[in-house]
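Enquirer: Sharing a structure, written as structure tokens. Questions coming.
The values are calculated or read from the model by the stated rules, or taken from the named source; none is laboratory data. Since this is a predicted model, take the numbers as computed values, not measurements. Using ideal geometry, Cβ is built from the backbone for each residue, glycine included, and neighbour counts are taken over all protein chains shown.
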Amino acid sequence: MKTRIALLLIMLITPLAWADDDVGALSKNVRIEMRTQKMELMKASLRLTEEQGEKFWPIYEQYDLEHETVLDERFSKITYFVENYDSMTESTADKLALEMISLDKKRASLRGKYYKKVRRALGGIQAARFVQVDRQVNVLIDVAVMRQVPLIASTEELGTTPAK
């Protein structure tokens, strides 16, 4: 079982690993494939009975749709950062950082909301498993994405004067 899950995790992040350091590689097609593989990993990890599946999958589909909107916002911010990398200002960097923190909070809040729904439908153990798998997969995806995003340059590196 652990081997199967490990293989699914590798398959999940493979599209990002071959993205050739291009944030544009996070196209809708790549993201759709990642969502499909994430669902397969969830199936393998939760090992739901048919009855449990009938309760869980509609909840998961709602979660996945809401989570996708948060990801859309996140990728939009990352794209904006990359496109404006050479002209980054103190205020823009501050704004982007605060927006990313806000998106992290949104993501955690969304996971908490759906943890409660899964817990009501299936109990605490399956709900905790859902959260655990979701977090692990998203951390791997985050690492793969962030590998492709340059670290924000200092004003010295950009050759600009810091704002007072």
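Enquirer: Here is a list: Val139, Val131. Which entry is under 30 Å from Thr49 (Cβ atoms), hydrophobic (A, V, I, L, M, F, W, C) and modelled with pLDDT of 95 or more? Give the steps one after another, and end with the answer.
Expert: On the way: Val139 fails: modelled with pLDDT of 95 or more.
Among Val139, Val131, only Val131 is under 30 Å from Thr49 (Cβ atoms), hydrophobic (A, V, I, L, M, F, W, C) and modelled with pLDDT of 95 or more.
Enquirer: Shifting gears a bit: Among Arg4, Arg47, which is at pLDDT 90 or above and within 27 Å of Arg129 (Cα to Cα)?
Expert: Exactly one residue qualifies, and that residue is Arg47.
Enquirer: Quick check on my filter: what residues within the stretch 67-97 are without any contact (Cβ under 8 Å) to a residue 24 or more places away in the chain, more than 15 Å from Arg107 (Cα to Cα) and of a type in the set (Val, Ile, Thr)?
Expert: Selection gives Thr92 alone.
Enquirer: When you go through Glu99, Glu73 one by one, which is the residue that is over 27 Å from Thr36 (Cβ atoms), modelled with pLDDT of 85 or more and in a helix (DSSP H, G or I)?
Expert: Numbers: Glu73 fails: over 27 Å from Thr36 (Cβ atoms).
Step by step, each of Glu99, Glu73 is checked, and only Glu99 is over 27 Å from Thr36 (Cβ atoms), modelled with pLDDT of 85 or more and in a helix (DSSP H, G or I).
Enquirer: Restricting attention to the stretch 111-126, which residues are without any contact (Cβ under 8 Å) to a residue 60 or more places away in the chain and either in contact with a Ser or Thr (Cβ under 9 Å, 6 or more places away or on another chain) or among the small types (Gly, Ala, Ser) (or both)?
Expert: In the first step, residues of the stretch 111-126 are kept if they are without any contact (Cβ under 8 Å) to a residue 60 or more places away in the chain; the result is 111-117, 119-120, 123-125.
Gly112, Gly123, Gly124, listed by residue number.
Enquirer: Any idea which residue in the stretch 125-150 is nearest to Val82 (Cα to Cα), counting only those that are of a type in the set (Lys, Arg) and surrounded by fewer than 15 Cβ atoms within 10 Å (Cβ to Cβ)?
Expert: Arg147
Enquirer: So, of the residues in the stretch 93-124 that are aliphatic (A, V, I, L, M) and closer than 19 Å to Gln62 by Cα, which turns out to be surrounded by the most Cβ atoms within 10 Å (Cβ to Cβ)?
Expert: Val118
Enquirer: Filter the stretch 76-92 down to the residues that are of a type outside the set (Phe, Trp, Tyr), assigned to a helix (DSSP H, G or I) and crowded, with 16+ Cβ neighbours inside 10 Å and list them by number.
Expert: Lys77, Ile78
Enquirer: Could you list, in sequence order, all residues of the stretch 144-160 that are among the basic types (Lys, Arg) and either at pLDDT below 80 or under 10 Å from Met88 (Cβ atoms) (or both)? Spell out the reasoning first.
Expert: Taking the stretch 144-160 and keeping what is among the basic types (Lys, Arg), we get 147.
Scanning the stretch 144-160 gives no hits.
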